[in-house]
1. Magnitude of the Cβ-charge dipole of the range A:1-92, K/R +1 and D/E -1, about the Cα centre, nearest 20 debye?
2. Calculate the tail of P(r) for the range B:201-375: the fraction of all Cα-Cα distances greater than 21 Å, expressed in %.
3. Tell me the label-point distance for the pair B:TYR103, B:LEU280, using the 7 Å Cα-to-Cβ offset, in nm and rounded to one decimal.
4. Report the label-to-label distance for A:VAL145 and B:THR402 in nanometres (one decimal), using points 7 Å from each Cα along the Cα→Cβ vector.
5. Compute the acute angle (0 to 90°) between the alpha-carbon long axis of helix A:101-110 and the principal axis of greatest extent of the alpha-carbon atoms of chain A; round to the nearest 10°.
6. By the scheme Lys and Arg +1, Asp and Glu -1, what is the net charge of all other residues having a beta-carbon under 13 Å from that of B:PRO305?
7. Enter the accessible area per residue of the protein assembly as shown (Å², integer; probe 1.4 Å; all protein chains in place).
8. Please check which bits of the range B:507-541 a label hung off B:LYS453 would reach, taking the label as a point 7 Å along Cα-to-C-beta and the cut-off as backbone N under 19 Å.
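The values are calculated or read from the model by the stated rules, or taken from the named source; none is laboratory data. Bear in mind the structure is a predicted one, so any value in this text is a computation, not a measurement. Cβ placement follows ideal geometry from the backbone for every residue including glycine, while neighbour counts extend to all protein chains displayed. The area values use the complete protein model at the heavy-atom level, side chains included, leaving out ligands, DNA and RNA. Shrake-Rupley method; radii C 1.70, N 1.55, O 1.52, S 1.80 Å.
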Amino acid sequence: MDTSIYDMPHETDVAWCPGCGNFSILKIVKQALTELDIKPEKLVMASGIGQAAKTPHYLKTNVFNGLHGRAVAAAMAVKAANPELTVIVESGDGCSFGEGGNHFIHNILRNPNITHLAHDNMVYGLTKGQASPTSQFGFITPVQVQGVTNEPFNPLALAIALDAAFVARVSIADQEKSFEVIKQAISFKGYSFVDILQPCVSFNKINTWKWFRENVYYLEESYDPKNRTEAFKRATEKGKLPLGVFYKNEKPTFEDYLPVYKTNKDPLFKREANLPQLQKLIDSMRQ
Amino acid sequence: MKEVSIVLCGEAGQGIATVEQLVTGMLKLSGYHVYSTSEFMSRIRGGTNSTLIRISDEKSKSAFIDRIDILFPLSSKALKHLEHRISPETIIIGEEGNIAEEYCPNRANIIKVDFTKIANEIGGKIYTNIVSVGIFLALFGVEENISKSYLTKRFSSKGDTILQNNIKACQRGSEIGNQMLEDGKLKIDLQKDDSVKNYLTLNGSQAIAMGSIAAGLNFISSYPMSPSTGVLVFLSQKAEDFGIIIDQAEDEIAAVNKGIGAWYAGARAMITTSGGGFALMTEGLSLSGILETPMVFHIAQRPGPGTGLPTRTGQEDLQFVLNGGHGEFARAIFAPGNAEEAFFLTQHAFNLADKYQVPVFILSDQFLVDSHYSLPDLDLTNIKNTKYIEKTDENYKRYLLTENGISPRGIPGYGSGLVNVDSDEHDEEGHITEDVHDLRPKMVDKRLYKKLKLLKEDFVKPELIGPTDYSILLIGWGSTYSAVKEALELSTRKDVAFLHFKQVYPLSEDTIDYLKKAKKVVVVENNATAQFGKVITLEYNIKPDQFLKYNGMPFSVEEVKEFIEKI
Ligand SMILES: Cc1ncc(C[n+]2csc(CCOP(=O)(O)OP(=O)(O)O)c2C)c(N)n1
Ligand code: SF4
Ligand SMILES: [Mg+2]
């Protein structure tokens, strides 16, 4: 597939380690965008800080590279201010679930029409290998010297428990299937969340490419993503990690509820102060 | 009497605010200048709160005063609460159980009225307050048609019985009030002024909210926190009329990041919060500094540290707002002195933020946002808004290095260019750079020095009150304005002037001339460390004397006057 409309116009010094899973994620995101025919100038890629969060710098589009943990908050506002834009958040597991946990929870509930791709390498890459919320029990790091004793964070179970609009997990070790799911997520209307299992070759020697191939399986063809109870059961399964679309629950989005777009579809940048109406308000306060 | 000061004091939940609204509304419609302000506890029921209503026949007096001419105690603890403000001249109108005589220096001035009994005769305790409203109306000669139509507007939705009972309660109050006048127990002699009838009444929160509407605000994300929430509530009520997106954020960190995201996408956004909430926003503030997105912050100050006094007033956060946020970048801070300034400065803040792509602050406080002002107009004829947004082309660079430091601001989806903003240090295109030799210093100069220079050129000048040939100069900022101004007008000193700053940062260089003229400069501030005094020392190398108050209450006119007489 020719994804060159998303290629950077010039040489870029990519900050990822050779062999990192981020390269493949970048590649399939570009493919998905190309196939969905989304124009670079109509797309905003928002991210926080981390290795994953650098992704928007490596494809040609509008970029909002904000603060660690805060990408979802900013992205939700970008979408609200201009619903004509496609808005995608790309950030790591630390950014998405640690620093940004509260925004993750509340935007599942708020349901803005954005896509959230979490690059889940089960480790803090950029800060050199501390545990992340999704690090497995017993994972040894320079900080967690006896191994992680926290229960690993389960973003899928949380999202399903909160009745999220779209919940999926993929492993970037399988690019083809990941591409299909990510494409679905981007075109889905509502807060669509994809947990992307991604090897970090430098700091996670446990959850490697091989591990992500051997410890996963796909939800079977007959699986019904509308069944929330089943979705929750699958998301909380012990043992091998199921992959695929766990849960789909289409419902009105945050933007759908906004009175500002009821009769006027113009994005906010096209609007002006309504001084005649303000004059009326002022006069009503003379009573 | 040129002016009458009336205080209502009782528990939270007793309906003092209702009396305040009804009385100030009807007195204004009758042609009196009115102003009211409340001091209250951080609780929904009980405690002891008081509301001061100032009624005058010249320009409205919008300052806090200690003096009480007439006091309505509505609870048994009221008189103790106000002990230090009751004088032998204070007339106390209340029922037996609420008049603790040990706090009444002059028993001849006690007027007992059986409010509860009268209210019960009419239909229940809930009418108690309306009986006192009736007394007010009689004392000030408010015509019955005004009160009737006002009460009808207010209560008709509650059904005819309730409306008629309210009217009856008001009439009973009026009869009592008229009897007081006849008995010569008190005498009020104020001129009505017909032009006042057309004044508008609004509180500081509303003024700020309306200023933002005048600027074309269309996005607000905030997390409730006293005393800043009034702005969010008012805008929510008006959201549909004015096309405003309202978002109650999950926390203040989200709020500020949303505000910045919204500006990035072309909205005009604001957050409203108080010190503790702003503390959570400081990383976001710094983000707007490096992204060069405009951002407008309304910070309604209350005393800290920590939770402090949630419903009280103070000016303790100037240094915090000035220095909050890591790294170095330009910002501007405005501090309105009353409703009118709040309106116009807020409107200005959006355009300034947009013009120079910087964070701009409206720094108010509880006293300002919760005070009710009446003013002739908010004149919209000179309101101008400029959106500093450019349509992009393929070669667009968000951080293009220009002579004056301002790069044309594109927004995503408008034009064929791409808009990259980055919280990392970045190149002109908005991509990460670590070029510490060339780009980094250039970007710092752009965000800090170049913008500061521009902001100083647009400085909103302070207002000088009093003689121009002063030898003593009082300096204030924000809501101390009305108390210092009134105190100065009342004082006998001819050598004292008052310089009120509405922009507290950055200051223009030539403003120092005001200070140089004085033999002595004194800052008057609602904090313990003379925070604006420090700004003056930093900018002008002058160390002013200080007159400070930091107990959570605003300055009263009397205490400022006493200070002026003694300097
Ligand atoms: C407020 C704040 N705290 C901490 C950091 C430091 N920091 C940067 S990235 C990161 C964690 C990155 O982990 P993750 O989000 O999983 O991304 P990865 O690098 O693994 O892709 C941390 C702690 C920061 N930039 N900002
Ligand atoms: S540190 Fe890990 S996640 Fe980051 S680029 Fe290297 S391999 Fe990838
Ligand atoms: Mg990670």
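1. Values: 8 positive and 9 negative charges, 59 e Å.
That gives the range A:1-92 a dipole magnitude of about 280 debye.
2. On the way: 5874 of 15225 pairs.
Pairs farther apart than 21 Å: 39 percent.
3. Label-label distance for B:TYR103 and B:LEU280, simple model: 3.7 nm.
4. So the label points at A:VAL145 and B:THR402 sit 5.5 nm apart.
5. 50 degrees
6. Values: positive: B:ARG302; negative: B:GLU316, B:ASP317.
Residues close to B:PRO305 contribute a combined charge of -1.
7. 38 Å²
8. Counting only backbone N, you get B:507-511.
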